[in-house]
Amino acid sequence: MATLVTFFSAGGKTANVAKEFASRIGADVFEIVPQEPYTSADIKWTNPVARCNREQIAGKEVPVNGKIEDFDKYDTVYIGFPIWYGQAPRVIHTFGKGYDWSGKAVHAFATSGGSGIGKTAEKLKPSLAGVASLDAKLVHSADEL
Ligand SMILES: Cc1cc2nc3c(=O)[nH]c(=O)nc-3n(C[C@H](O)[C@H](O)[C@H](O)COP(=O)(O)O)c2cc1C
């Protein structure tokens, strides 16, 4: 069985951690890219009508580019993302709903602007159908994974 590192990153911080970690453990990598990429205006959360706020308030789906091939071959999947509004961004929920997580161990990891990991795992679980185990931690570098 194999390990996969997936991640979404709007500003590059989570991407750096994910890529460094994946290269250290020799895992495959899948970058979660929204079909409609975020512009800097889209993620300006201080603007009440910015895309990020509209998506969050409405609990919208955020479709993802591409599909992971041979998802069945992975028994361990890392999912990295920035904390948005105290939990995983909407795009992570949409990504999760696209796969069958039966039998897989999922390790979620996040970077943040200061918030803790909070209830990220509990809130993400319903989007990972059948997941065998799930944990989540806040990280500042690949050393913490
Ligand atoms: C829409 C949005 C919401 C955010 N919400 C939070 C939050 O609730 N708590 C926090 O500590 N940081 C929050 N942040 C900051 C990011 O979590 C932080 O800058 C993260 O490290 C960015 O990772 P990235 O460069 O991989 O996108 C938010 C950022 C954005 C764009």
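The values are calculated or read from the model by the stated rules, or taken from the named source; none is laboratory data. Worth saying up front: this structure is predicted, and the values here are computed from it rather than measured. All Cβ positions, glycine included, derive from the backbone under ideal geometry; neighbour counts span all protein chains shown. Just so you know, the surface numbers come from the protein's heavy atoms only, side chains and all, with ligands and any DNA or RNA stripped out. Shrake-Rupley method; radii C 1.70, N 1.55, O 1.52, S 1.80 Å.
Of all residues in region 74-103, which are assigned to a loop (DSSP other than H, G, I, E, B), under 17 Å from residue 9 (Cβ atoms) and open to solvent by less than 30 Å² (accessible area, probe 1.4 Å)? Show your work before the answer.
Restricting attention to region 74-103, the residues satisfying the condition of being assigned to a loop (DSSP other than H, G, I, E, B) are 83, 85-86, 88-89, 98-101, 103.
Of the ones still in play, those that are also under 17 Å from residue 9 (Cβ atoms) are 83, 85, 88-89.
The answer is 83, 88, 89.
Within the bounds of region 47-62, is there any residue that is within 10 Å of the ligand (Cβ to nearest atom), hydrophobic (A, V, I, L, M, F, W, C) and surrounded by 18 or more Cβ atoms within 10 Å (Cβ to Cβ)?
So far as region 47-62 goes, yes, one or more of its residues are within 10 Å of the ligand (Cβ to nearest atom), hydrophobic (A, V, I, L, M, F, W, C) and surrounded by 18 or more Cβ atoms within 10 Å (Cβ to Cβ).
Can you tell me which residue among 71, 21 is within 15 Å of the ligand (Cβ to nearest atom), closer than 21 Å to residue 108 by Cα and either open to solvent by less than 30 Å² (accessible area, probe 1.4 Å) or touching a helix residue (DSSP H, G or I) at 6+ places or on another chain (Cβ under 9 Å) (or both)?
Values: 71 fails: within 15 Å of the ligand (Cβ to nearest atom).
Result of the check over 71, 21: 21.
Quick one: how many residues across region 29-46 are open to solvent by 60 Å² or more (accessible area, probe 1.4 Å) and farther than 30 Å from residue 73 by Cβ? Spell out how you get there, then give the answer.
Step one: list which residues in region 29-46 are open to solvent by 60 Å² or more (accessible area, probe 1.4 Å), which gives 29, 31, 35-37, 39-41, 44-46.
Within this subset, residues satisfying the condition of being farther than 30 Å from residue 73 by Cβ are 39-41, 44-46.
Of the residues in region 29-46, 6 are open to solvent by 60 Å² or more (accessible area, probe 1.4 Å) and farther than 30 Å from residue 73 by Cβ.
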